[in-house]
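First comes the structure, then the notes that go with it.
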Amino acid sequence: MNETIQPQLTLVGAGPGDEELITLKAIKALQKANVVLYDALVNENLLQYTSASEVIFVGKRLGCHAYTQDQINELIVVMARKHGHVVRLKGGDPFVFGRGIEEIAYAAQYGITTAIVPGISSALGVPAVNGISLTQRRIAESFWVITGTTSNHELSKDIYLAAQSAATVVILMGMHKLAEILSIYQSHRDDDLPIAIIQNGTKTDQEKVIGTLSTISQLVEQNQLSSPAIIIIGETVRHASLDQHYLESMGVKEISL
């Protein structure tokens, strides 16, 4: 290994999709990168901020992986040793269902210096941009952020607990289990809670429907919504900023509350 090369990994959160929702610190990291490894949910317009010698797509989507996680870990080490500063650019925040801690731990065991630049998670940024407050006085005192698909490809058991609470619940990676999620909620409650589903949140091609537990399946089917999307369940959805001009500008397809 070249003595002058200092292997370094910076784990960077790219935000929820809108390229302007990345942090200044993240842009500075991209500008200093020798290599960028970026994910499927990263807005590719952000790559304009780097002059890295190598920019490599390592994204994973359901049923389609450019690299396995083990291969990504190994690639980080190889590139850091060969080129120096590697920026691992991940959608949202690297520590919210981003497996960021695994990549940091793997690099650290090879003596690679590591740093972390947090990002705006889609669980927070997407509802906010769409006027949905996750907490609200006298309505919701807390919120849950839950993965819709665990490492075993099953629905998280936390959904059963969340369905019994008054909290706002944000579910990531849950579209393929929407029917199961709705069934759990309907079996645990007798109120028809509001629910929003937002596809490609904060991006120019964002689409959204707002309904209730009993109507949302039909709205999703009518408007052909699919992954990547987030699911937001709770009374705060009913009290969202529902200005029609605003909603149309954000790509809302239909509201049925």
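The values are calculated or read from the model by the stated rules, or taken from the named source; none is laboratory data. Just so you know, these numbers come straight off a predicted model, no measurement behind them. So basically every Cβ, Gly included, is an ideal-geometry build from the backbone, and we count neighbours across all protein chains shown. Side chains are part of the model used for accessible areas, which takes the heavy atoms of the whole protein and leaves out ligands, DNA and RNA. Shrake-Rupley method; radii C 1.70, N 1.55, O 1.52, S 1.80 Å.
Side notes on the structure shown:
- Scalar couplings 3J(HN,Hα) for region 33-50, obtained by applying the Karplus form with A = 6.51, B = -1.76, C = 1.60 to θ = phi - 60°, are 6, 8, 9, 10, 10, 10, 9, 5, 8, 7, 5, 5, 4, 5, 5, 5, 8, 10 Hz; x denotes Gly and Pro.
- Region 51-141, accessible surface, carbon-and-sulfur percent (1.4 angstrom probe): 54
- If R0 is taken as 22 Å, the Cβ-Cβ distance between residue 204 and residue 136 corresponds to a FRET efficiency of 0.20.
- Stokes-Einstein D for the chain, Kirkwood Rh over Cα pairs, 10 °C, 1.306 mPa s (µm²/s): 82
- The distance between label points at residue 71 and residue 223 comes to 3.6 nm (points 7 Å beyond Cα on the Cα→Cβ vector).
- Cα centroid of region 1-36 to Cα centroid of region 145-218, whole Å: 33
- Solvent-accessible surface of region 107-197, taken per residue with a 1.4 Å probe and all protein chains present: 50 Å².
- Rounded is the label for region 113-250, because the ratio a/c of its alpha-carbon gyration tensor axes (a ≥ b ≥ c) stays below 1.5.
- For residue 82, the lysines whose Cα falls under 28 Å of its own Cα, not counting residues fewer than eight places away in the same chain, are 25, 28, 32, 60, 90.
- Helical contribution to [θ] at 222 nm, DSSP H n ≥ 4, -39,500 (n - 2.57), averaged over the chain, rounded to 500: -8000 deg cm²/dmol
- Two-site label geometry, residue 44 and residue 31: point separation in nm, points 7 Å out along Cα→Cβ: 2.5
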